[in-house]
Amino acid sequence: MSYNNLNISDPFPNISCSLSQNPDHLINEEHITNLHVINQDNINDNNFFIDYIKIGSINIQTAFNNKLNDIINYFVVHNFDILGLAETSLFGDQSNIIINKHKHPTLPNNFIHIVHDTSGANKGTGVAIMITDKMEKHLHHTEFSEGRIINLIFGFKKSKQLNVTCCYLPSSPKNDVTKTKISAACVDKLNKFIIKSNNTKNSYAIVIGDFNVTTKNKSDPNYPFIRLLKNNGYKDMIKYHQESLDNNFTHSTNRIDYHYGNRNLLEQSIHSYTQSIPQSFFNTDHKIVITLLEKTFFDSRNKDLFEKFMNVLPFNKRNDEVKKVFKYDRMTVELWSSYTNRSRSTFKYRFSKEPQQINNKNTLNRQWDLFEKCLIELKEHIIPQKSINFNTSSNLDLPLELRQMNNHVILLYQVKQFLNLKHIKIRFKLYFTPTLSTLHNIPRHVWATYYEGWMKYLPRLKILIDFNKLSITLPSTVTPDNFVSTKDEIY
């Protein structure tokens, strides 16, 4: 990964007035998650919990430099982790990935990173991906081509990878030889990305951006891009999560901006939707496409999802344990001198005598315990310390109100999606669309395999039912015979 062009800038005037905007005017009312992914005024309060990664993509329609402040403002206010940008109009650098590092407008010592592909030949090209400070720490691979397609790979523990590709295919390439060649080159590049992902265990891949083609226009030179994704098992995230596509046009009356995810990513997705960019940020006639992923799955601490859910429920008493950390950055020359002199005298007093013979494990452990105890006493006596709550999150780049989990919106939406029969057809490629009247036509092995996942939700649902003292009884398994009654209870 080349960092030859790394820029750090502070482009911001005061944006506090923008952070308190009322989000109610967001257009797509169908998305019950909309009001739970907007930052509020108390952004400096650290008592937040967030359980998803938010990925978006938008065609900004050129003038990146002029819109930069507003784009970063939008990224921050709407709490994105990853945001793909198409048609940035930055071009001409054929050799290096450009990574711009911008100061976070509200969180001191935090940054927003923008990875650019500027290898295009003209103003109508340019793609970029914005990421938070935390995501940047997981970034370990970048690749790009033609100013049209950029690929970032993020690594997590247990060899999990989040593979994000953002693209901007040429507009109206059908009668343009040059554009047709660029479309073909993008398809070839995407194929290499897909092969690499398919050959990587635990790869969770998503392809986002402006494809400049509808799914029905199969004669368009850009359509092979979509065909390649479908042939490799990638699913249209909007089509997967939405009941209808009627309100999900992304440009005029067409849908040309997409999110496609592989099987692994599909299983970790919570929701996908579109919405307009408020005019108070920047102008574009495209809608943004957004996908939410389970954050706990990628959490580097690898806590069990259920345990984490239990910890953040408001009626569960949290552990109030406090621990002390040493603040080495507060050490002065005088303190370091005192530490040196005191350590010399301490070690001389305790270890100057001829050391006892160490010829077994117990003796070695005693000597090591003594040495370790001396070091701790020295540090506690001289090095400045700070007491912190053991449960305090250090993720300052996640400013969302705890109300998100208090209302349990995400969990309930996941269950609603899980009980959507359309997903069985998509996952198992059934030849018919299951309905309430055709439940028993679903093969038994298909039904059993899909609804094994019911146990992922049942324990958490029972907690909510008990806490709210609801007279609801949920079955231990979901069968064709109890499907309707179970769904009625949830809804």
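Please treat every number below as a calculation from the coordinates, not as lab data. Quick caveat, the model's predicted, so the values are computed rather than measured. Neighbour counts are summed over all protein chains in view; Cβ atoms, including those assigned to glycine, are modelled from backbone coordinates with ideal geometry.
Under the criterion of Cα pairs below 8 Å and six or more residues apart, the relative contact order for the stretch 33-308 equals 18 percent. In straight-distance terms, cross-link reach from Lys361 covers every one of the lysines whose alpha-carbon lies under 23 Å from its own, apart from those fewer than eight places away in the same chain; here that gives Lys353, Lys373. Peptides 279-285, 167-173 ranked from most to least packed, by the mean per-residue count of other Cβ atoms within 10 Å: 167-173, 279-285. Here the simple spin-label model places points 7 Å from the Cα toward Cβ, and for Thr433 and Ile472 these points are separated by 2.7 nm. With 30 Å as the limit on Cα-Cα distance, the pairs of Lys192/Lys235; Lys54/Lys192; Lys103/Lys189; Lys103/Lys287; Lys101/Lys416 that go past it are Lys103/Lys189; Lys101/Lys416. A protection proxy built from the mean count of other Cβ atoms within 10 Å ranks the segments 102-110, 469-477, 338-346, 146-154, most packed first, as 146-154, 102-110, 338-346, 469-477. For trypsin sites (Lys or Arg not before Pro), the sites in the stretch 214-303 that DSSP calls loop and that have at most 12 other Cβ atoms within 10 Å are Lys216, Lys218, Arg301, Lys303. For the stretch 400-490, the fraction of C-alpha pairs farther apart than 20 angstrom is 39 percent. Checked against a 21 Å cut-off, the cross-linked pairs Lys216/Lys239; Lys230/Lys295; Lys137/Lys157; Lys324/Lys379 give Cα-Cα distances beyond that limit for Lys230/Lys295. Taking 0.36 nm per residue of sequence separation and removing the Cα-Cα distance, the Ala185/Lys425 pair yields an extension gain of 83.1 nm.
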